[in-house]
Amino acid sequence: MKIAITYNADTHLKPHLNEVERLGEDEVAESALDVHAALSQHHHCELFPVGDCIAGALLAIRDYAPDLVFNLCEGVLGRTRWEAHFVLALDLLGVPYCGCDAVTIALTQDKGLIKRLLRQLGVATPEGLVVAPDCPEGQLLADLDALLRRSASGRVIVKPIREDGGIGVDQID
């Protein structure tokens, strides 16, 4: 079996990341090497770093003609919200891949939407608050204060609605 292993090589396009978040980016590349080492024992595998030229990476993958893409890309061109775009491009090229399809990725990238859907389905999920970009600071502080008062622990997790993993999450006491 021919397997293409894709991963992000675009950390230089993410100046907003702190040191810990940059380590996470490096870990994805290391994971790609680990996957390659494990799979290449029984299959023909190639690594495909996805950096500044998406078209070039996609053409290289197409020319390789893999039976499967082991996709570790978490966005493209430094934008995590474009993760679904890369998978959609694989779909359009007719290249099979492991992981979620583009629609599932796009839906799950909106934490507020998914929280509402889960609650409508009866799935227990911690209380949350989605803050509009133009929310006045006073309203935000009042909403956070109310959320904190309802929290059993007196703590809440605040994270960007469309970021990946722990990007943008810091501990504040």
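The values are calculated or read from the model by the stated rules, or taken from the named source; none is laboratory data. What you see is a predicted model; the values in this text were computed from it and never measured. With ideal geometry, Cβ positions are generated from the backbone for all residues, glycine too; neighbour counts draw on all protein chains shown. All accessible areas refer to the heavy atoms of the entire protein, side chains included, with ligands and DNA or RNA removed. Shrake-Rupley method; radii C 1.70, N 1.55, O 1.52, S 1.80 Å.
Here are a few things to note about the model shown:
- Those helices (runs of 4 or more DSSP H) of the stretch 85-168 in which at least 1 residues are open to solvent by less than 60 Å² (accessible area, probe 1.4 Å), more than 30 Å from residue 7 (Cβ to Cβ) and of a type outside the set (A, V, I, L, M), considering only elements entirely within it, cover 137-150.
- With respect to the conditions (1) surrounded by 15 or more Cβ atoms within 10 Å (Cβ to Cβ); (2) farther than 19 Å from residue 45 by Cβ, residue 69 lacks only one, and its number is (2).
- When restricted to residues that are acidic (Asp, Glu), in a helix (DSSP H, G or I) and either touching a residue at least 40 places away in the same chain (Cβ under 8 Å) or open to solvent by 60 Å² or more (accessible area, probe 1.4 Å) (or both), the stretch 24-56 contains 4.
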